[in-house]
Amino acid sequence: PIPKEPPKIHRLDEAVVNRIAAGEVIQRPVSAVKELVENSIDADSTSISILVKDGGLKLIQISDDGHGIRYEDLPILCERHTTSKLSTYEDLQSIKSMGFRGEALASMTYVGHVTVTTITKGQLHGYRASYRDGKMEHEPKACAAVKGTQIMIENLFYNMSARRKTLQNSADDYPKIVDLICRFAIHHMSVNFSCRKHGAARADVHSVSTSSRLDAIRSVYGISVAQNLMKIEASDCDPSSSIFEMDGFISNSNYIAKKITMILFVNDRLVECGALKRAIEIVYAATLPKASKPFIYMSIKLPPEHIDVNVHPTKREVKMKIKINENVKICVRSPLALFILRFSCIGDVVCQVSLLNQEVIIEKIQSSVESKLRNSNESRTFQEQR
Ligand code: ADP
Ligand code: MG
């Protein structure tokens, strides 16, 4: 055969590059909602309401009562890599905010139409500006506004026809959005959340600020869940070298569900950890076979320098990079736990963790779940026998 001419290499248009990158950060409507809610939380809001039309493809509107955005920042608000949260690379070590890349709003302008209305403290009126492809479309217009910021994303993926078709053909994202807001609502107890479908008379999530975690869970997930929960805590043995702390609620043997609900926050970031989820599921299956699909809410706190948040734009998986301190003794090493760890390590590609170190945490959590379940089960059996 005649050798083929090599194809010519050329530079992609910036617009193409930006749209491709944006499609990775904002994969579906629910990912846009997550970014927007995190922005509102970062802005110290105490009230966040979400309105969704057509599963988020027509409209996602989020209103908060946070600190708002300065007038002079509006022109660069939706450019890529503009942020108020990070200045130097070293800041990443101690970052407390959920955002820091300055990519979310920009991404939304490359795959949808973005309108921002905002007012800052002490101002008589607010401003409204709209954005496309990273740029502000016209001078901000003065307008009436209440405290905080309102962001509207319209026609998401209007310029990505394949993505739009796939999303239109599958079940819409609204249930995923509701699920996400429920998770945020029980962790951020002092924030009032509401989430409503366009045209619906009432909200599907409506949480009111409380100082009791159990009350928060009751108001979001209902009495039937809340009444079957047990408080759980774990940390490492040596309080002077405390590397991690976990507290949360786990369901007891009376809780029956078709699938597991696992709500995990690591340093206040909503994340997923497949290995931990599987580890807990296996403990339930072995201890309470009837209630083997548990409800789990856990909040894990680690020293910030032990977490690498800079893993993936969607930040769903944080790497737990725990340096094991010599003082840390492992309290209980059940043979079951060891088996589970080996099992969960095989093929674990989703959770990008340094396994050796994550093991310590998973093992600790697992043994505290196990002993909690055993105790509750034994006391129940004992009461039944009496
Ligand atoms: P990041 O959150 O990584 O900084 P974003 O693109 O999500 O990047 O947001 C860019 C900037 O816009 C933020 O740093 C913040 O200053 C501002 N911002 C976004 N949403 C809000 C909001 N709801 N209230 C106040 N400021 C906001
Ligand atoms: Mg953000």
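Below are the figures for this structure:
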quantity: Meets criteria (free of Cβ contacts under 8 Å to residues at least 40 places away in the same chain, more than 9 Å from ligand 1 (Cβ to nearest atom), in the same structural domain as HIS188 (by TED's automatic domain parsing) and in a loop (DSSP other than H, G, I, E, B)) for LEU124; calculated: yes
quantity: Some residue of the range 67-78 being near ligand 1 (Cβ under 9 Å from one of its atoms), under 18 Å from the mean Cα position of the chain (by Cα), buried (at least 20 other Cβ atoms within 10 Å of the Cβ) and more than 20 Å from ASP179 (Cβ to Cβ); calculated: no
quantity: Every pair of residues 6+ apart whose Cβ atoms lie under 9 Å, when the first sits in the range 74-95 and is farther than 27 Å from THR117 by Cβ while the second is basic (Lys, Arg) and within 15 Å of ligand 2 (Cβ to nearest atom); calculated: ASP91/LYS85; ILE95/LYS85
quantity: Test: residue in the range 1-18 that is touching a residue at least 40 places away in the same chain (Cβ under 8 Å), within 16 Å of ligand 1 (Cβ to nearest atom), farther than 30 Å from VAL205 by Cβ and in a helix (DSSP H, G or I); calculated: yes
quantity: One residue from GLY102, GLY55 being out of contact with any Gly (no Cβ under 9 Å at 6 or more places or on another chain), without any contact (Cβ under 8 Å) to a residue 40 or more places away in the chain and surrounded by 16 or more Cβ atoms within 10 Å (Cβ to Cβ); calculated: GLY102
quantity: Subset of the range 50-90 [in a helix (DSSP H, G or I) and either touching a helix residue (DSSP H, G or I) at 6+ places or on another chain (Cβ under 7 Å) or more than 15 Å from ligand 2 (Cβ to nearest atom) (or both)]; calculated: ASP54, GLY55, GLY56, TYR71, GLU72, LEU74, PRO75, TYR89, GLU90
quantity: Among residues of the range 91-113, those that are at pLDDT 90 or above and more than 13 Å from ligand 2 (Cβ to nearest atom), counted; calculated: 5
quantity: Any hit, the range 154-167, residues being under 15 Å from PRO29 (Cα atoms), among the β-branched types (Val, Ile, Thr) and at pLDDT 95 or above; calculated: no
quantity: Which numbered condition LEU214 fails, given (1) buried (at least 21 other Cβ atoms within 10 Å of the Cβ); (2) within 22 Å of ILE48 (Cβ to Cβ); (3) not hydroxyl-bearing (Ser, Thr, Tyr); calculated: (1)
quantity: Complete set of residues in the range 91-106 that are part of a loop (DSSP other than H, G, I, E, B) and either within 17 Å of LYS34 (Cβ to Cβ) or not assigned by TED's automatic domain parsing to the domain that holds ALA32 (or both); calculated: SER97, MET98, GLY99, PHE100, ARG101, GLY102, GLU103
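Yes or no, residue by residue, for (1) more than 21 Å from GLU233 (Cβ to Cβ); (2) modelled with pLDDT under 85:
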site	(1), (2)
VAL266	no, no
ARG278	yes, no
GLU281	no, no
THR287	no, no
LYS290	yes, no
PHE295	no, no
PRO303	no, yes
VAL309	yes, yes
THR314	yes, yes
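The values are calculated or read from the model by the stated rules, or taken from the named source; none is laboratory data. All of these numbers come straight from a predicted model, not from anything done at the bench. Virtual Cβ from ideal backbone geometry, glycine too; neighbours counted across all protein chains shown.
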